[in-house]
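Scroll down for the structure; my scribbles are underneath it.
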Amino acid sequence: MDRTQAFGIGTVRARSFLSAVAAAAVFALAALALALTGCGKSQKPLVVGSKNFTEQVVLGEIIAQHLENRLTRKISRQFNLGGTLLTYQALLGGQIALYPEYTGTIQAEILKETPRPDASQALLYSRQELRRIAQIEVMDPLGIDNFFAMVIRGEDARKYHLETLSQAADVKDGWKLGMGYEFQQRIDGMPALDQYRLPMAAAPRSMDLGLMYKALELGQVSMIAANATDGPLAAHDWTILKDDRKVFGSYQACILARADALAGEPQLKPALEELSGKLNNEVMRKLDAAVDVDHRQVREVAADFLREAGLLNKH
C-alpha cells in the first residue's frame, strides 16, 4: 500500500469517527432537552389566588395547603389580588391557576347578568358559561352560600319585632344604611335592595368593609349591607334580616380552575373535589372570626380546619 492509499483510508476512518462523535453529541443533546422539558413540566408552578378580603385569603390558604398535602409539592400563592375583575383576569391570563369565587358574583360581575335566586340554576349556568367562554371549570360548591346580608343590632330587631326586610320597610323612624363600595355599584347590590323601598333616615354611607360592624355597634349606622359568613356575625348580638322577597341571588362558593391546569395535572381535580361540601356558613364565620376577631394567623386557621375535617393527613 502506497502513502496516498494509506492517507485515504485514514481520512475515511477519521471522518467516520467524527460522524459517530457528532451523532452521539446530537443524541445526548436531544436527550438532555427532553429531560429538561419533562422536568419543566413536572415543576411548573401551580398558583392559587384570592381576592382581597379575609374569607378569600382563608379559602385560598385552605386550598393551597390541601394541594400541597395531596400533590406532595410546593404550591405558590398570590393572595389579595384585588376585586373580582382583577382576580378573574389573573386567572384568564394564567397568572394563577385557580381561586375561590361565588356563583352570584360570577353572574353579576363576570357575565354582567342578574344572579339567579335558585342555587342549582345559578351553579349550572355559571358552570356552562365559564366553560364556554373561557375554558374555566367551576368545581362543585364548597358548602358556603355567602349571600348579601342586611344586618341590624339585635336590640333593634327586638324593639321593632323584625325578622324580614319587608318588615323593616314598615319602620317609620327610617334606617341609616352603611355599605361597601362594591355593594353600592353592583347590579345585585343596592339596586336589588331598593326593591324593598326601605325608609331612610339619612343618605346611605359608603365605608370600608372593616369599619361597618364598628359603625353599627356605635350607632353611626343602623343597618349594614354585609355578607352571610362575615366573622363578626359569630361574636356579637346581630340580626340578619331575611330576604323574604329573594331579591338577592345565590352565592355558593366554588373553586374556579383553568381547564389546562386540570388537564396538565391529573391528580389536581380529584384533590379539589375532596373540598366540596366540607364547609358551611357557620364554620366559615368561625374561620373568618379567628382571623378578624382573634387575630390568628391564616396559615394556622387553615391547617386547623383541614385537620378537623379529616383532610390533613388523609391519602
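Within the stretch 219-227, identify whether any single residue is under 29 Å from LEU272 (Cβ atoms), among the hydroxyl-bearing types (Ser, Thr, Tyr) and touching a residue at least 40 places away in the same chain (Cβ under 8 Å), and answer yes or no. Talk me through it step by step, then tell me what you get.
Initially, the stretch 219-227 is screened for residues under 29 Å from LEU272 (Cβ atoms), giving 226-227.
Then drop every residue that is not among the hydroxyl-bearing types (Ser, Thr, Tyr), which leaves none.
No, the conditions are met nowhere in the stretch 219-227.
Can you tell me which residue among LEU142, LEU198 is assigned to a loop (DSSP other than H, G, I, E, B) and closer than 19 Å to GLN107 by Cα? If you could, list the steps in order and put the result at the bottom.
On the way: LEU198 fails: closer than 19 Å to GLN107 by Cα.
None of the others qualify; the one that does is LEU142.
ALA108 is checked against (1) modelled with pLDDT under 95; (2) open to solvent by 10 Å² or more (accessible area, probe 1.4 Å); (3) assigned to a helix (DSSP H, G or I) and fails just one. What number does that condition carry?
Every condition holds for ALA108 apart from (2).
Before we move on, is VAL58 in a helix (DSSP H, G or I), within 30 Å of LEU209 (Cβ to Cβ) and at pLDDT 95 or above? Reasoning before the result, please.
On the way: in a helix (DSSP H, G or I): yes; within 30 Å of LEU209 (Cβ to Cβ): yes; at pLDDT 95 or above: yes.
In short, yes.
Rundown of residues vs (1) closer than 22 Å to LEU124 by Cα; (2) open to solvent by 30 Å² or more (accessible area, probe 1.4 Å); (3) hydrophobic (A, V, I, L, M, F, W, C), yes/no style:
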| residue | (1), (2), (3) |
| --- | --- |
| LEU218 | no, yes, yes |
| ALA225 | no, no, yes |
| PRO232 | no, yes, no |
| LYS242 | no, yes, no |
| PHE248 | yes, no, yes |
| TYR251 | yes, no, no |
| ALA257 | yes, no, yes |
| ASP260 | yes, yes, no |
| LYS269 | yes, yes, no |
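Hey, can you tell me all the residues within the stretch 284-310 that are open to solvent by less than 60 Å² (accessible area, probe 1.4 Å) and without any contact (Cβ under 8 Å) to a residue 40 or more places away in the chain?
Residues satisfying the conditions are ASP304, ALA309, GLY310.
Where the second residue is open to solvent by less than 10 Å² (accessible area, probe 1.4 Å) and not aromatic (Phe, Trp, Tyr) and the first is closer than 14 Å to ALA226 by Cα and part of a strand (DSSP E or B) and lies in the stretch 169-188, which pairs have Cβ atoms under 6 Å and are six or more apart or on separate chains?
LEU177/MET223; GLY178/MET212; GLY178/ALA215; GLY178/VAL221; GLY178/ILE224; MET179/ALA225
The values are calculated or read from the model by the stated rules, or taken from the named source; none is laboratory data. Source: prediction; values computed, not measured. Don't worry about glycine lacking a Cβ; one is built from the backbone with ideal geometry, like all the others, and counts go over all protein chains shown. Just the protein is used for accessible areas: all its heavy atoms, side chains included, with ligands, DNA and RNA removed. Shrake-Rupley method; radii C 1.70, N 1.55, O 1.52, S 1.80 Å.
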